[in-house]
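To start, the structure itself, in structure tokens.
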Amino acid sequence: AQTIHQWPVAEIKAVGSPLSLGCTIKGKSSPNLYWYWQATGGTLQQLFYSITVGQVESVVQLNLSASRPKDDQFILSTEKLLLSHSGFYLCAWGIQENTLYFGEGSRLIVV
Amino acid sequence: GDKVKQSPSALSLQEGTNSALRCNFSIAATTVQWFLQNPRGSLMNLFYLVPGTKENGRLKSAFDSKESYSTLHIRDAQLEDSGTYFCAADNMGYKLTFGTGTSLLVDP
């Protein structure tokens, strides 16, 4: 069975500090990977997607970057956090254009 | 404006009753997915639809690409159906546009 794990579960970070969120998928080779962001009470906004190792496409610019260093790993990061980065970050995987499966999410509070 | 608009935005149901949620698209959707987000934040996929209908237990969903809408019917609502329902439209391959969401509360 496939599993998706996100880390950390939650973080409180200072404005201007760096951030790294991670996502690991087990049990599925060469999945498509996605990062989404959700403001409190809001909808999901797609940030990035990756079809293969080393290749990441940006969907919306939010002063964030993403990388896929391994087939089963997707990293979201920034060197300087803004207050507007607060929210809930969700990683998802899918095969070709089929059903998306989401991780449990990482909650970020920027102070 | 919102490219994928859901209605109603919030709904309260008595346990055992039925309801319908709707999703209207202003983009040319080729497929639609429906998700349920629980209070902890994780999303569960309910349906993946090409134009047509699907049924799974007490849930039934339809997608009409020509009229640009999708519906999710809940029959015999249960307490565990509470949460936020999102539809999401795919019209550009790997880019999925999520709707505004419907917050559902099922009361005993």
Among (1) under 27 Å from A:Leu108 (Cα atoms); (2) without any contact (Cβ under 8 Å) to a residue 40 or more places away in the chain; (3) hydrophobic (A, V, I, L, M, F, W, C); (4) surrounded by 19 or more Cβ atoms within 10 Å (Cβ to Cβ), the one test that B:Cys87 misses: (2)
Qualifying positions in the stretch B:8-35 - open to solvent by 50 Å² or more (accessible area, probe 1.4 Å), outside any strand (DSSP E or B), modelled with pLDDT of 95 or more and among the small types (Gly, Ala, Ser): B:Ser9
Those residues of the stretch A:60-111 which are among the polar types (S, T, N, Q), assigned to a loop (DSSP other than H, G, I, E, B), open to solvent by 40 Å² or more (accessible area, probe 1.4 Å) and more than 8 Å from chain B (Cβ to nearest Cβ) amount to A:Gln61, A:Asn63, A:Gln96
Some residue of the stretch B:78-99 being of a type in the set (S, T, N, Q), more than 28 Å from A:Ser58 (Cα to Cα), assigned to a strand (DSSP E or B) and more than 13 Å from chain A (Cβ to nearest Cβ): no
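Among A:Glu11, A:Glu57, which is assigned to a strand (DSSP E or B), farther than 24 Å from B:Gly99 by Cα, of a type outside the set (Gly, Ala, Ser) and open to solvent by 40 Å² or more (accessible area, probe 1.4 Å)? Break it down stepwise before answering.
Values: A:Glu57 fails: farther than 24 Å from B:Gly99 by Cα.
Being assigned to a strand (DSSP E or B), farther than 24 Å from B:Gly99 by Cα, of a type outside the set (Gly, Ala, Ser) and open to solvent by 40 Å² or more (accessible area, probe 1.4 Å) holds for just one of A:Glu11, A:Glu57, which is A:Glu11.
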Condition first: among the hydrophobic types (A, V, I, L, M, F, W, C), in a loop (DSSP other than H, G, I, E, B) and under 19 Å from B:Ala88 (Cα atoms). Can you find one or more residues in the stretch A:25-39 that meet it? yes
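The values are calculated or read from the model by the stated rules, or taken from the named source; none is laboratory data. Everything quoted here is computed from the prediction, not taken from an experiment. Glycine gets a Cβ as well: all are built from the backbone with ideal geometry, and neighbour counts include every protein chain shown. What goes into the accessible areas is simple: the full protein's heavy atoms, side chains included, and nothing from ligands, DNA or RNA. Shrake-Rupley method; radii C 1.70, N 1.55, O 1.52, S 1.80 Å.
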